[in-house]
Structures are given as C-alpha cells and as structure tokens.
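Quick notes on the structure that follows.
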Amino acid sequence: MSDALANTSRSITEDTIEMSSDEKFLFDLTGYLVVKNVVSPDQLKLANEAIDSLELSQSPEYFGDSQTLKGENSSTRLGSTTGLLDLSKPHCDPFREMLAHPKTTPHLNTILGEGWRLDHGPGLIAMDKGCSGGMLHGNFDNAPYFYREGKIFTGLCVIEYLLADEGPGDGGISVVAGSHKANLKCPQKMLRWEQYQEFVTEVHAEAGDAVIFAEACTHGTLPWTGDHQRRAILYKYNAGHMSWGGGGLGGPAPDYWDDLTEAQQAALLLPSHHSRRPKASNDYHGLPDVAG
Ligand SMILES: O=C(O)CCC(=O)C(=O)O
C-alpha cells in the first residue's frame, strides 16, 4: 500500500472548486448546511437496495438519562470504518462515491482545507417509528471552529447523505444553530432536549441531499416519529493534521484499493499527519540560530 499511498495526493489547485460565498456565509453563521440533490437517483436506489440487503442489529442507546429523547424502540446503527465500502459490487459503489463526492468535495476543501481525509465512518443510522433519539453533544468537547484571515477553520466535520426524507416533525438530525461559536457550555437540560427546545432546529432535507455540519456545532438525534424508516449515512472528516477517531485505514490496503479513484484513496489516507514537516535526518542539529 505504501507505493499506492505515495502516489496519492490531493492538493487544492486553481481549478478546485470551493463552496459558494452564500454557503460559506450560512455555514459560518449556523455551523451547518444542506446541499441539495447530491446523490443521483440511480445511486440512491442502489444505496437503499444495499441497506435492504444487510442484517442490521440494534445499536446502543444514546439518550442517556433524558426523558424526552427516550422512545419505544432502539435505532439501528452500523458504524464500521469500511463495512459499507467493503460490500460486493454494485452495492459498494454509491458508498465509495460518497467518500470523495464531487458535489461535496468543494465543501470539504473550504472548511477543512488541503489534505482533508476520512476520520471515521461511513456509518449508518436507521430508525423506525418510535426509535429513541440521542443526546445533543459537540461544541467544546470534540472540535474547534474559528474564522481567521478570510478562511473557515474547523476540526471534525460530518457529511450525512440522506437515503430517506427527513421532513417536519419526523425527528432525526437536529442542531443548535450557531453553537459552534458558543463560548459557554450548553446546559445539561438542553443537551437532554428537556428545556429550550425552541433553540434546537430539526434539520429537514430530502433523500439524496447532504447535511454537512461542524462537530463543534451542538447536534443530536430527535426521536423518530416518521412513518418511513430514517436512513442516513455518516462520513466524518477531519483536517489533514487532526484526528478524533484515529483516522486512516489502520491496516493493510483493502482488496478494493485499486478500484478507488485517487480522490477516494486520498480520503482514506494514513492517520493524521502534516506532510510538510521536515523529515528527521542525521544532519539535523536543531533550529537555526535566528539571532545569527
Ligand atoms: O444524525 C444524527 O442523528 C446525529 C448523529 C450524531 O449525533 C453523531 O453522529 O454524532
């Protein structure tokens, strides 16, 4: 794999598209963004068929001691680094395309900068009617967010590709808009969605859309009340020099390595590193004498 990795690079060039100025404004303002019509109808159909073919098991519960997030059933999550990427063809195709999707690459370029890569995922959240939600979290705990010299800087970021609609009143992904810039800790009763619910925004988007949010933006899962099954595929990315979940493949290259595009390989690259760090060498005798 090391030769393959050595040949794999992704730099932001003049032709690389960044997100639009309106999107930058909205992401900086709220900490999240909905990008419409990312996954094509064919890929969406294939992705849903792939999920239909899996045997899903109940996931651990994430509602803590909240009385309002507790539902009647558990949700199903499939949270492995490569499980969906490992499926046999053609079921793996939509998930491999999502890894470095041309329609969301501009967003990752803008918010994470050159060298972004998968931190962990892809994972699936599937919820049937009555499934419990999950505690709100984020902000201070997991990732930085700041804006300097005309650029957005953030740490862990999530792209959720929706395989099913999430409409008003359904529940599912929710955020506290603007909290990525909060200076004070969110009250526990708000994290439990027991108080200040008016500040928690249930995000609405359709199958095929992508919901992008900074992990720094307080977010969580509202209990699912929709008649159809919620299905969201979560990819969690980080800047090239940062890692929350360890990052990288953590082992030998998977069998499908040569089937991936360079951009997809780059998204699965090594654990966090800064590629411009000077290499250790026997000639290194410490920092130059700046006074001299
Ligand atoms: O999409 C959701 O329900 C939220 C997921 C979440 O909170 C997380 O993955 O950290």
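Remarks
- Sparse-neighbour loop sites [GluC sites (Glu not before Pro); the range 134-215; at most 14 other C-beta within 10 Å; DSSP]: Glu149, Glu206
- Counting only protein heavy atoms and a 1.4 Å probe, the range 19-267 has 43 square angstrom of accessible area per residue.
- In Å², nearest 10: area of Lys151 left accessible to a 1.4 Å probe: 100 Å²
- Working note: Karplus 6.51/-1.76/1.60 with θ = phi - 60° gives the range 98-107 the couplings 5, 3, 9, 6, x, 7, 10, 4, x, 5 Hz, where Gly and Pro are set to x.
- Cα centroid separation - the range 117-191 against the range 35-75, whole Å: 15 Å
- If you model the range 123-251 as an ellipsoid using its alpha carbon gyration tensor, with each semi-axis the square root of five times an eigenvalue, the axes come out at 24, 19, 13 Å, biggest first.
- Out-of-range pairs (alpha-carbon distance over 30 Å; input Lys24/Lys89; Lys24/Lys236; Lys129/Lys181; Lys36/Lys189; Lys151/Lys189; Lys70/Lys151): Lys24/Lys89; Lys129/Lys181; Lys36/Lys189; Lys151/Lys189; Lys70/Lys151
- Cα-projected label distance for His228 with Phe153, points at 7 Å along beta-carbon direction, nm: 4.2 nm
- Summed side-chain charge close to Arg148 - residues other than Arg148 whose Cβ falls under 15 Å, Lys, Arg +1, Asp, Glu -1: +1
- GluC sites (Glu not before Pro) within the range 45-74: DSSP coil, no more than 16 neighbouring Cβ in 10 Å: Glu55, Glu61, Glu72
- Size of the range 19-267: Rg and Dmax of its alpha carbons, in Å, are 17.2, 50.
- All other residues whose Cβ lies under 10 angstrom from that of Asp119 are scored, Lys and Arg at +1 and Asp and Glu at -1, for a net of +1.
The values are calculated or read from the model by the stated rules, or taken from the named source; none is laboratory data. These numbers come from a predicted model, not from an experiment. Positions of Cβ are generated from backbone atoms using ideal geometry, with glycine treated the same way; all protein chains shown enter the neighbour counts. Accessible surface areas use protein heavy atoms only, side chains included; no ligands, DNA or RNA. Shrake-Rupley method; radii C 1.70, N 1.55, O 1.52, S 1.80 Å.
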